[in-house]
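Contents: one structure, followed by commentary.
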Amino acid sequence: MPRKVGVLAWLNVVLVGALVLGLVYTLRLYPRLDAGQRVVDNLNPAFAPARAQGDRLGVDYISHAVDLLDPVTTDKGSGASEVPKLVSLVSSKTGLSAAAVVATLQDKFPHTLALLQAIPLSSVTAELPGFLDFVASELKVTTPQLVTTLQTSFPHLYQAVANLPTVTNGWNDVPKIDGLTRFNGTAVKTAPQVRDYFSQDVVPIVEKNGSNFHRVSKYFPPVKDIPILLTAIGGIAVLFGLLMMLRSASGNVGHKEANVTWTIVLLLGVLVLGIVFGAQIYPRLDGGSHLVRDARPGFVPQRLAGDRAGINFVSNVVDMAGPIMNDNGKAGDDIKSLLTTLSSKTGLSQPQLLAAVKAKFPHTAALLQAVPLSAVNAEIPGVLDLLHVVLNATPDQVLTTLKTNVPGLTQSIVNLPLVVNGWDNYPGGRQLTRFNGSAVTNAPQLRDYLSADVVAALEKVAPDFNKLDTIKPDLTLFPGLLTILGGLVVIYGIIMLIVVNLPDPDAEMRARKARGPGGRRAAGAEGLG
């Protein structure tokens, strides 16, 4: 091969290597795939199949809690207005007066009646300042001193009391959630809307993209190493091509060396294709692209702030409900201790004391008598059996009648057993664990998992996700470009191997002249480049 042609041939190799390096740096593979690797590393625990299933069970459990509380938390819920309707329904079917119906409920189902009389819980919130002042005056302490006493001597009751106003005041206007919208743009302000946002927007990202995520995370090598491999290949091509340009220019490349060096070029092209297909770059970047597209709405700054505000509100609900949910919550014990203390200070019997509280603070007194909610839950089957007899209807017909006449209360009744029974035995606890491996078996642990693991992970990866998402062009272009480039290098290497092995007529002519009469070849014959 003439020297000039050989130099140009190797210049093409240099240009191909430079093109590989150009793709790496033009597409900004280092910062993008480094960011992608950090996203993968930090979200990998969240995409474990058991956790994806546990997320759904967890959000479903939260949904039951929201459905239980929504009718009874504020005046906007229909529960309080439906209590007279329920009494009237029973009265009309039995011929008993409303007072007689209430007396029957008091006798047979005292906790249930007390809860009905306590709602809406926002009325308890409204009474709390006066109630605390009343207790402080009876104990002959200041209200701030009473708060300290509650914190130290009745901590479980205090936890419920301290969080109740946040829950009732924020139920229809969750604190610090301004700007949060559903992925379809619908505003999120209320507790049920927060539930819908997590259930229908956030959790489905994990459910739908498990396979996409694992395509990125599980294949070898790690995505952050792909730019390193390509940089090495591009750099080798450039340096090797420059070296062979110099040797071709000097005319020192022999036939054997030409075959070896062009075979190396061919192998470099094969290596590029090997990385593309061996490292599964097509499915990995395609899966990553789908994941980024589906998750993109969740990483809008306002939604990340809304995630934190939403899970903080869930935490307030858990802290409010935990002490009063069942006997393990201990608020019932604290209430008994508080009444005993007040009784000793006032000289009133506990029934007299409750009557005095009820006269001033009827909703608060009723809630104190309803605790724990597990006692209400234990009475619900008896209430339904009574209605079964009174209404002369099957259990299914009873529920249908209740849904028609008192839909809000029915919603709470249906969800109460699910919430109470699952509070210390969360349905997903058999498979869900925290990112550190500890079990999630109850509602507070579920709250901790969602707050300290899931939402915290989203907050942590947000800068890297946005870097991965916002740098252009789309990474799905990259495997195709690299495949074309690798294929062209392979073809080029094959062509050059053919070329260097073709007979050269000019070389034959020069060889004949150089042989002379004796047929010996002259020294210094030019080799192939």
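Coordinate-derived values only; no laboratory data. No experiment lies behind these values; they were computed from the predicted model shown. Cβ placement follows ideal geometry from the backbone for every residue including glycine, while neighbour counts extend to all protein chains displayed.
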Please work out the FRET efficiency for the pair Ala356 and Leu399, using the Cβ-Cβ distance as r and a Förster radius of 41 Å; give the result to the nearest 0.05. 0.60
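Rounded, prolate or oblate: which fits the stretch 78-142 when a ≥ b ≥ c are the square roots of the eigenvalues of the alpha-carbon gyration tensor, with rounded for a/c under 1.5 and prolate only if a/b beats b/c? Walk me through the intermediate numbers first.
Working: a/c = 4.00, a/b = 2.28, b/c = 1.76.
Note, shape of the stretch 78-142 comes out prolate.
Which value in Å does the Kirkwood hydrodynamic radius of the stretch 51-90 take, with 1/r averaged over all unlike C-alpha pairs and then inverted? Mind dumping the intermediate values first?
Details: mean 1/r = 0.0843 Å⁻¹.
Over the stretch 51-90, the inverse of the mean reciprocal pair distance is 11.9 Å.
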Starting from the 7 Å offset along Cα-to-Cβ, what nm value, one decimal, do you get for the label separation of Ser153 and Ala126? 3.0 nm
How would Thr394, Thr401 line up from fewest to most surrounding beta-carbon atoms within 10 angstrom? Thr394, Thr401
Inter-label distance for Leu243 and Ala100, nm, one decimal - labels placed 7 Å from Cα along Cα-to-Cβ: 10.7 nm
Where in the stretch 26-63 does the label zone of Ile228 land, with the point 7 angstrom along Cα→C-beta and an amide N cut-off under 14 Å? 30-31, 33-35, 37-38
Check cross-link reach from Lys467 to the lysines: straight Cα distance under 27 Å, and skip same-chain residues fewer than eight apart. Lys176, Lys208, Lys218, Lys224
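Explain nothing, just the number: relative contact order of the chain, from Cα pairs under 8 Å at least 6 residues apart, as a whole percent.
Numbers: 695 pairs, mean separation 169.3, N = 529.
Value for the chain: 32 percent.
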Using alpha-carbon positions, what is the distance between the centroids of the stretch 293-310 and the stretch 316-352, in Å? 40 Å
nm² value of the averaged projected area, convex hull over the Cα atoms of the stretch 1-142: 21.5 nm²
Three-way shape call for the stretch 219-356 based on the alpha-carbon gyration tensor, with the a/c threshold at 1.5: prolate
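Taking N as the number of residues in the stretch 106-228, what is its alpha-carbon radius of gyration divided by 2.2 N^0.38 Å?
On the way: Rg = 24.1 Å, N = 123, 2.2 N^0.38 = 13.7 Å.
Ratio of Cα Rg to 2.2 N^0.38 Å: 1.76.
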Only residues of the stretch 245-277 count here: report those whose backbone N is under 14 Å from the spot 7 Å along Cα→Cβ of Ile495, or say none. 266
Positive-end residue, the chain charge dipole about Cα centroid, Cβ charges, pick of Ser123, Phe361, Val223: Val223
Normalised per residue, the volume inside the convex hull of the alpha-carbon atoms of the chain in Å³ amounts to 176 Å³
Treat each spin label as a single point 7 Å out from the Cα along the C-beta direction, and report the Thr26 to Phe277 distance in nm. 2.5 nm
Report the charge-dipole magnitude of the chain in Debye, nearest 20, computed about the Cα centre from +1 at each Lys and Arg Cβ and -1 at each Asp and Glu Cβ. 2520 debye
Could you name the lysines whose alpha carbon sits less than 25 Å from that of Lys93, not counting residues in the same chain fewer than 8 places away? Lys85, Lys108, Lys403
Whichever lysines have a C-alpha closer than 21 Å to that of Lys256, once near sequence neighbours (fewer than 8 apart) are set aside: Lys4
Specify the inter-centroid distance of the stretch 237-258 and the stretch 1-62, based on alpha-carbon positions, in whole Å. 32 Å
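Using DSSP H assignments, which helices in the chain have an axial alpha-carbon span of 27 Å or above and a mean Kyte-Doolittle hydropathy of 0.5 or higher?
TM-like helix candidates: 3-26, 226-250, 255-278, 477-500.
Given R₀ = 51 Å, FRET efficiency for Thr143-Thr483 by Cβ-Cβ distance, to 0.05?
With a Förster radius of 51 Å, E is 0.10.
Can you tell me how the stretch 317-471 classifies by the Cα gyration tensor, rounded, prolate or oblate, using a/c under 1.5 as the rounded cut? Working shown, then result.
Details: a/c = 2.58, a/b = 1.46, b/c = 1.77.
Because a/c hits 1.5 or more and a/b fails to exceed b/c, the stretch 317-471 counts as oblate.
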The stretch 169-209 versus the stretch 121-154: alpha-carbon centroid distance in Å: 34 Å
